[in-house]
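The values are calculated or read from the model by the stated rules, or taken from the named source; none is laboratory data. Quick caveat: nothing in here was measured; it's all calculated off a predicted structure. Positions of Cβ are generated from backbone atoms using ideal geometry, with glycine treated the same way; all protein chains shown enter the neighbour counts. Please note that ligands, DNA and RNA were not included when accessible areas were found on the heavy atoms of the full protein model with its side chains. Shrake-Rupley method; radii C 1.70, N 1.55, O 1.52, S 1.80 Å.
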Amino acid sequence: AHVAVARSWLASSPAPSRRLCSKSRLCHPRAVARVVRETPKQDVWSASARAAASCNAMLGVAALARPRWRRGRPSGAAAWSSRASRSAQGDASLGSDGRFSGAFTAAPEPSFIAPRLASWEKLWAQEQERLKGLERRPIEITLPDGSVIEGVSWETTPLEVAESISKRLAGDVTVALVEYAEPRSAGVQCVAADAEDEEDEDEADAEEDGELWDLTRPLEGSCKLQLLKFDDPRGQDTFWHSSSHVMGASLENNFGGLLTIGPAIDGGFYYDMFLGEKRLTKADFPVIERGVEELRKSNLPFQRLVISREEAIELFSDNPFKVDLIKRKVAPGAVTTAYRCGDLIDLCRGPHLPSTGRVKAFAVTKGSAAYWLGSADNDTLQRVYGISFPAAKQLKQHLKRLEEAKERDHRTIGKQQELFFFDGMVSPGSCFWTSYGARIYNRLCEFMRAEYRLRGFDEVITPNIYASALFKKSGHYQNYREDMYGFDVEGQEWFLKPMNCPGHCVMFASKPRSWRELPLRLASFGVLHRNELSGTLSGLTRVRRFQQDDAHIFCREDQIRSEVSAALQFVFDVYELFGFEFTLALSTRPKKALGSEELWSRAEEQLRQALDETGRKWNVNKGDGAFYGPKIDIQLQDALGRRHQCGTIQLDFQLPLRFNLRYQAEQGAAADAPPADVETAEPSDSEAVLPAGYERPVILHRAILGSVERMLGVLCEHFGGKWPFWLSPRQCMVIPVSEDAAEYARYVRDVLHARGFHASADLGGTTLKKKVREAQLAQWNYIFIVGKTEEEEASVNVRVRGQEKPVGQRSLADLIEQLQDENRPCALSVPAELPVFKRSVPPDS
């Protein structure tokens, strides 16, 4: 096995002499010596390199007679036998409780690398033989501009196509998007063993528009080909996912832990690793970075291999976490994929970069603890976050933004400004809002309520607990049960409300409805509870108790376009008021959609028309809609360029069916039918028959802020704690120049307070300069200095946050008028003058 590993290093390395010399200490020394002897003199080896490798080997042979330990692990034969000795101590596995069992001690250069590489080489050789036997035939590769390049199936790669266009393009491209003209006969459908179920579905849906393809993977037939760079989100995801593997290789070699998963995420990537009792610290980050740099300089290729379930279990037999993934994700008889990057071999769907040399700039950003599969009942893992870029300049800019983001972290600002806190012992994932934080929270809700009144929404209040029958009817019980808080009362199952839509459906169905009532726009700020895993809780961005600016619009099908347009304008007005930039995307029918294709097509067309009417750029996320209807996703971008998913507009055809919602149609209505029955515990398998003269409404789910908690976290970081006046918990600070002016300072404070402003007076005994400085650090919007002159003239001396020079003296009356204008935000402009009434004239008059 060690001979095979040594040969593979020689075969795969662009600089085999240097690489085998440096890697030979990981192999059995006699195996290295054997490979050196059998290498022809006319090969790429130089005499000095052969001598160096031989020297390394002889040193190792001598070490066999006098075993020694190096960097915490046995070398030579002792290293080769450590795997067996560990098994003798107790086979490593995951117990039924999801926890690691068996003896394990993490150490650098783990012994399982060599036999794993040997197994890989065997499987790799078999796969290459299989590929050689596949029929080669001419294919046509169509580029986005319509040009066609000729190629050969199972030989021509996307990277070769890029190189034929320009060397610069070949160096910049990170991944290919391939759409085959005809079904692939020789292709194998692989199961992604490194992904969760939802990700698998997303991947399958995405393939309708093409498949992301490794640049070095041969094309299998005639196809359309796009070459994606780092500036494309899919290219960026591939770059970061590949970088995660490079970091994983460094982690595994330097610390000897058991790697679990390492995905790309927004803003970089991470890798989770089981290290037993060991904990990583910042002092370990340079070690990781040096390991990545060595791999970058080596420019090692990424290799993709299709393997069976049994082969995967054997390949990762030393890692019970990987075995657990394989057994859960890959059914007997199915196949999955694995990738090799240097000495690292990992389960992965891919695709990846051509080689490690593409990762020009890398940095470890932070470390944390995590739970296996996100459950606190499972083992604790060490999570290492990283970031990488194709150029060092990009990394430098990113690290600068990270430092600014650290200063703006809403958890830090929340503590500094005494806005909120969490108590994990009392109520983990539920926020305690102080009086200052409650001011912001309530003001934001008041702002939305004012907008609701102007835009025709009716606010309603629904219960906080429901019988399980309601959620069985809505379908949430069957699909969402584990994320809901349930309890029994007098033998009946109840749940805390996790979402508002079922309750709003009950309100719609509570009485007969007419077409004249539509659209009916119901909104609420009900308290919601969701049983988020403890390992996923993170400040205000992921909580268990929260409120939403939730609205459900019940409308006719012919009203979808106008209602969506109005909802989009509502989103634009609010986000622009906060200074957000944002992007729009239409998510269309997924594979597992409910309802007819004709209904989906009509709905999607109305959403398209509404998006076109905005005059803004929008994209299509094909197959990314919810199973119950298409949707429009709005991603906002904050002051640091980070993207957040808060707003959404979703069509729903299924809840009206499940709740048998109906309204009396405009034409041909029969006598009034009774309200829809919402007490039925289980929905009917078939669609309920509508009475004559009745039609089914469509529900439009609409959220702008989303979770109020999450939005406040985003706003906190967006503003950097410098809240706009209307939203600020600290608006006016009054400071007397002396003790004699304290009474007038209290008067000014009370006047401002009576008019609805958050005002305070600093009547302490410190100096004026210190009081001003403390008020500035506390981010008061205005500081009013008062003394004898101001008292005599009923005025204040104004200082504005962010301005070095004082504004000067202003009369109290004029100032209050100005502040009242600033304190009345309105996203929807309302004319100051009354509109002139004009009676409408019938068109046929």
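Which of the residues spanning the range 411-421 are open to solvent by 80 Å² or more (accessible area, probe 1.4 Å) and either closer than 27 Å to N531 by Cβ or of a type in the set (A, V, I, L, M) (or both)?
So the first thing to find is which residues in the range 411-421 are open to solvent by 80 Å² or more (accessible area, probe 1.4 Å), and the list is 411, 415-416, 418, 421.
The answer is R411, K415, F421.
For beta carbons closer than 8 Å, sequence separation of 6+ or different chains, a first residue in the range 357-369 that is of a type in the set (S, T, N, Q) and a second that is at pLDDT 90 or above, the qualifying pairs are T365/G268; T365/Y385; T365/G386; T365/I387; S368/R383; S368/Y385. Residues in the range 254-285 that are open to solvent by 20 Å² or more (accessible area, probe 1.4 Å), in contact with a helix residue (DSSP H, G or I) (Cβ under 6 Å, 6 or more places away or on another chain) and outside any strand (DSSP E or B): N254 alone. Scan the range 299-319 for residues that are without any contact (Cβ under 8 Å) to a residue 24 or more places away in the chain and either farther than 18 Å from W120 by Cα or in a loop (DSSP other than H, G, I, E, B) (or both) and jot them down. Within the range 299-319, just S317 meets the criteria. Return a yes/no flag: does the range 701-710 have any residue that is open to solvent by less than 10 Å² (accessible area, probe 1.4 Å), more than 29 Å from C555 (Cα to Cα), under 24 Å from the mean Cα position of the chain (by Cα) and not charged (D, E, K, R). No, that holds for no residue. For C501, the conditions (1) open to solvent by 40 Å² or more (accessible area, probe 1.4 Å); (2) within 25 Å of the chain's Cα centre (by Cα) are fulfilled apart from (1).
State the number of residues belonging to the range 120-152 that are open to solvent by 40 Å² or more (accessible area, probe 1.4 Å), closer than 29 Å to G342 by Cβ and under 35 Å from the mean Cα position of the chain (by Cα). Residues in the range 120-152 being open to solvent by 40 Å² or more (accessible area, probe 1.4 Å), closer than 29 Å to G342 by Cβ and under 35 Å from the mean Cα position of the chain (by Cα): 1 in total.
When A376 is tested against (1) more than 19 Å from the chain's Cα centre (by Cα); (2) within 29 Å of G210 (Cβ to Cβ); (3) in contact (Cβ under 8 Å) with a residue 60 or more places away in the chain, only condition (2) is not met. Taken across the range 98-118, residues that are open to solvent by 20 Å² or more (accessible area, probe 1.4 Å), in contact with a Pro (Cβ under 9 Å, 6 or more places away or on another chain) and not small (G, A, S) do occur, with at least one present. Figure legend. Inter-residue proximity from the range 576-599: first residues in a helix (DSSP H, G or I), second residues open to solvent by less than 50 Å² (accessible area, probe 1.4 Å) and modelled with pLDDT of 90 or more, beta-carbon distance below 8 Å, spacing 6+ or different chains. Indicated pairs: F578/L715; F578/H718.
In summary, K722 fulfils each of the numbered conditions (1) among the basic types (K, R); (2) open to solvent by 50 Å² or more (accessible area, probe 1.4 Å); (3) out of contact with any Ser or Thr (no Cβ under 9 Å at 6 or more places or on another chain) with the single exception of condition (3). Between A450, A438, the distinction of being in contact with a Cys (Cβ under 8 Å, 6 or more places away or on another chain) and surrounded by fewer than 16 Cβ atoms within 10 Å (Cβ to Cβ) belongs to A450 only.
Could you check the range 105-194 for helices (runs of 4 or more DSSP H) lying wholly inside it with 2 or more residues that are more than 25 Å from S242 (Cβ to Cβ)?
Because the criterion is at least 2 residues that are more than 25 Å from S242 (Cβ to Cβ), the helices (runs of 4 or more DSSP H) in the range 105-194 that meet it are 113-132.
Looking at the structure I just gave you, is D558 outside any helix (DSSP H, G or I) and open to solvent by 40 Å² or more (accessible area, probe 1.4 Å)?
Working: outside any helix (DSSP H, G or I): no; open to solvent by 40 Å² or more (accessible area, probe 1.4 Å): yes.
Against the criterion (outside any helix (DSSP H, G or I) and open to solvent by 40 Å² or more (accessible area, probe 1.4 Å)), D558 does not qualify.
Go through the range 161-174 and give me each residue that's open to solvent by 40 Å² or more (accessible area, probe 1.4 Å) and either polar (S, T, N, Q) or more than 21 Å from D231 (Cα to Cα) (or both). Matches in the range 161-174: S164, S166. Only one entry of G367, G429, G424, G374 meets the criterion of being out of contact with any Asp or Glu (no Cβ under 9 Å at 6 or more places or on another chain), within 30 Å of I265 (Cα to Cα) and surrounded by 13 or more Cβ atoms within 10 Å (Cβ to Cβ), and that entry is G374. Here the range 455-497 is the region considered, the condition is being of a type in the set (S, T, N, Q) and in contact with a Gly (Cβ under 9 Å, 6 or more places away or on another chain), and the residue that is farthest from S430 (Cα to Cα) is S468.
The residues listed here are V772, V796, V800; of these, the one that is on the phi < 0 side of the Ramachandran plot, within 48 Å of the chain's Cα centre (by Cα) and in contact (Cβ under 8 Å) with a residue 24 or more places away in the chain is V772.
The single condition from (1) within 24 Å of the chain's Cα centre (by Cα); (2) in contact (Cβ under 8 Å) with a residue 60 or more places away in the chain; (3) under 25 Å from F100 (Cβ atoms) that L353 fails is (3). Residues in the range 288-298: is at least one under 29 Å from L215 (Cα atoms), in a helix (DSSP H, G or I) and hydroxyl-bearing (S, T, Y)? Looking for residues that are under 29 Å from L215 (Cα atoms), in a helix (DSSP H, G or I) and hydroxyl-bearing (S, T, Y), one finds at least one in the range 288-298, hence yes. Checked against the criterion of being in contact (Cβ under 8 Å) with a residue 12 or more places away in the chain, of a type in the set (V, I, T) and within 26 Å of L533 (Cβ to Cβ), the candidates I440, I461, I465 yield just one match: I465. For the range 504-515, does any single residue satisfy the condition of being at pLDDT 90 or above, open to solvent by less than 10 Å² (accessible area, probe 1.4 Å), of a type in the set (G, A, S) and part of a strand (DSSP E or B)? No, the range 504-515 contains no residue that is at pLDDT 90 or above, open to solvent by less than 10 Å² (accessible area, probe 1.4 Å), of a type in the set (G, A, S) and part of a strand (DSSP E or B).
For the range 226-278, the tally of residues that are farther than 15 Å from I345 by Cβ and polar (S, T, N, Q) stands at 5. Considering every residue within the range 320-331, establish whether at least one is out of contact with any helix residue (DSSP H, G or I) (no Cβ under 8 Å at 6 or more places or on another chain), open to solvent by 30 Å² or more (accessible area, probe 1.4 Å), without any contact (Cβ under 8 Å) to a residue 12 or more places away in the chain and not in a loop (DSSP other than H, G, I, E, B). Taking every residue of the range 320-331 in turn, at least one turns out to be out of contact with any helix residue (DSSP H, G or I) (no Cβ under 8 Å at 6 or more places or on another chain), open to solvent by 30 Å² or more (accessible area, probe 1.4 Å), without any contact (Cβ under 8 Å) to a residue 12 or more places away in the chain and not in a loop (DSSP other than H, G, I, E, B). How many of the residues making up the range 610-630 are more than 22 Å from the chain's Cα centre (by Cα) and open to solvent by 20 Å² or more (accessible area, probe 1.4 Å)? The total comes to 7. Only one of the numbered conditions (1) more than 21 Å from the chain's Cα centre (by Cα); (2) surrounded by 14 or more Cβ atoms within 10 Å (Cβ to Cβ); (3) touching a residue at least 12 places away in the same chain (Cβ under 8 Å) is not met by I387, and that is (1). Taken as a whole, the structure places L584 among residues that are modelled with pLDDT of 90 or more, in contact with a Phe, Trp or Tyr (Cβ under 6 Å, 6 or more places away or on another chain) and of a type outside the set (F, W, Y). Here L819 qualifies as surrounded by 19 or more Cβ atoms within 10 Å (Cβ to Cβ), closer than 30 Å to V571 by Cα and modelled with pLDDT of 90 or more.
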